[in-house]
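Okay, structure first, notes after.
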Amino acid sequence: MPALTPCLWFDMNAQEAAEFYASVFPNSKILSTSYYPEDGPFPPGTVLTVEFELDGSRFTGLNGGPQFTFSEAVSFKIDCGDQDEVDHYWNSLIADGGEESQCGWLKDRFGVSWQVVPRRLMELLTDPDPKVAERVSDVMMKMRKIEIAPLEEAARG
């Protein structure tokens with residue numbers, strides 16, 4: 001299967017976004033940068049694309065201008081092992097202008113949507129006892145950032 005690489009259209013701040021994401025996710029780096037040529041729609045030497053890797057996943061950031069914006073219709077799910085990871089990603093991604101949403105969703109300061117989800121939530125939502133899953137779901141629906149302890153409490157009834 002060919003590699004799939006999400007391409008994110010930014011309003012002229014792809015380099016800043018890539019550097020920010022690389023600072024948030026471990027084992028991340030900028031791979032390459034291309035620039036607009038003399039006959040491009042933006043001044044020559046302006047960043048055109050930034051190829052970057054976030055903990056093994058490749059992305060392309062494109063400086064395309066203001067014509068298109070991000071929406072919640074596409075988001076990136078971060079599978080977190082524990083509450084410390086949830087807290088790290090949540091706090092980092094909402095810093096400096098990000099926005100909290102519901103049920104573990106947020107938008108970062110660039111408008112990209114993320115789901116910060118502890119693995120334990122998914123385990124509890126798929127519990128063989130449907131009453132456990134229902135109680136956990138009810139509690140989760142009232143949260144912004146997902147907190148594992150109240151979910152565990154709900155699971156116990």
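Please give the calculated 222 nm ellipticity per residue for the chain, where each DSSP H segment of at least 4 residues contributes -39500 (n - 2.57) and the sum is spread over every residue; nearest 500 deg cm²/dmol? If you can, show how the numbers build up before the last one.
Details: 5 runs with 50 residues, N = 157.
Result for the chain, helices only: -9500 deg cm²/dmol.
When the convex hull of the C-alpha atoms of the range 1-145 is computed, what volume per residue in Å³ does it have? Intermediate results must be reported in sequence, preceding the final value.
Values: hull volume 19.6 nm³, N = 145.
Each residue corresponds to 135 Å³ of Cα convex hull volume.
Please state the Cα pair-distance histogram of the range 37-95 with 10 angstrom bins from zero: what percent is in each bin?
So the P(r) values, bin by bin, are 16, 35, 31, 14, 4.
As a test of understanding, state the convex hull volume per residue of the range 1-68 from its alpha carbons, in Å³. Numbers along the way, then the final one.
Numbers: hull volume 6.4 nm³, N = 68.
Spelled out: Cα convex hull of the range 1-68, divided by residues, is 95 Å³.
Given a cut-off of under 8 Å on Cα pairs at least six residues apart, what relative contact order in percent is computed for the range 1-51? The partial results should precede the final answer.
Details: 47 pairs, mean separation 15.9, N = 51.
With pairs under 8 Å counted, the relative contact order is 31 percent.
In debye to the nearest 20, how big a dipole does the range 52-144 give about its Cα centre with +1 on each Lys and Arg Cβ and -1 on each Asp and Glu Cβ? Please list the in-between numbers first.
Details: 10 positive and 17 negative charges, 57 e Å.
It comes to approximately 280 debye.
Taking amide H positions as placed in the peptide plane 1.01 Å from N, state which residues far from residue 8 in sequence (5 or more) or on other chains have amide H under 5 Å from it.
Amide H to amide H, under 5 Å and 5 or more residues apart or across chains, residue 8 pairs with 60, 61, 62.
In debye, nearest 20, what is the charge dipole magnitude of the chain about its Cα centre with +1 on Lys and Arg Cβ and -1 on Asp and Glu Cβ, if you could check?
On the way: 13 positive and 26 negative charges, 52 e Å.
It comes to approximately 240 debye.
Where Lys and Arg each count +1 and Asp and Glu each count -1, what net charge lies around residue 63 among other residues with Cβ under 15 Å from its Cβ?
On the way: positive: none; negative: 11, 16, 19, 51.
My count for the surroundings of residue 63 gives -4.
Output the antiparallel fraction of DSSP beta bridges having both residues in the chain, as a percent to the nearest 5. Intermediate values should be presented prior to the final figure.
Numbers: 17 of 27 bridges.
Taking every DSSP beta bridge with both residues in the chain, the antiparallel ones total about 65 percent.
Diagonalise the Cα gyration tensor of the range 70-157 and give the resulting equivalent ellipsoid semi-axes, square root of 5 times each eigenvalue, largest first, whole Å. Could you put the intermediate results ahead of the total?
On the way: eigenvalues 122, 31, 22 Å².
Three semi-axes, in Å: 25, 12, 10.
Enter the Cα centre distance for the pair the range 110-156 and the range 88-104, rounded to the nearest angstrom.
The distance from the Cα centre of the range 110-156 to that of the range 88-104 comes to 17 Å.
Tell me, what is the percent relative contact order of the chain, built from C-alpha pairs under 8 Å that lie six or more residues apart? Before the final figure, lay out the partial values.
Details: 296 pairs, mean separation 28.8, N = 157.
Normalised by residue count, the contact order of the chain is 18 percent.
Report, to the nearest 10°, how far helix 130-140 tilts away from the longest principal axis of the Cα atoms in the chain, using its own Cα long axis and a range of 0 to 90°.
50 degrees
Answer with one residue from 65, 3, 103: the one whose Cα lies farthest towards the positive end of the charge dipole of the chain, charges on Cβ with Lys, Arg +1 and Asp, Glu -1.
It is 103, whose Cα lies furthest towards the positive end.
No lab work stands behind these numbers, since they all come straight from the coordinates. These figures come from a predicted structure and were not determined experimentally. Cβ sites come from the backbone with ideal geometry, for glycine too, and all protein chains shown count toward neighbours.
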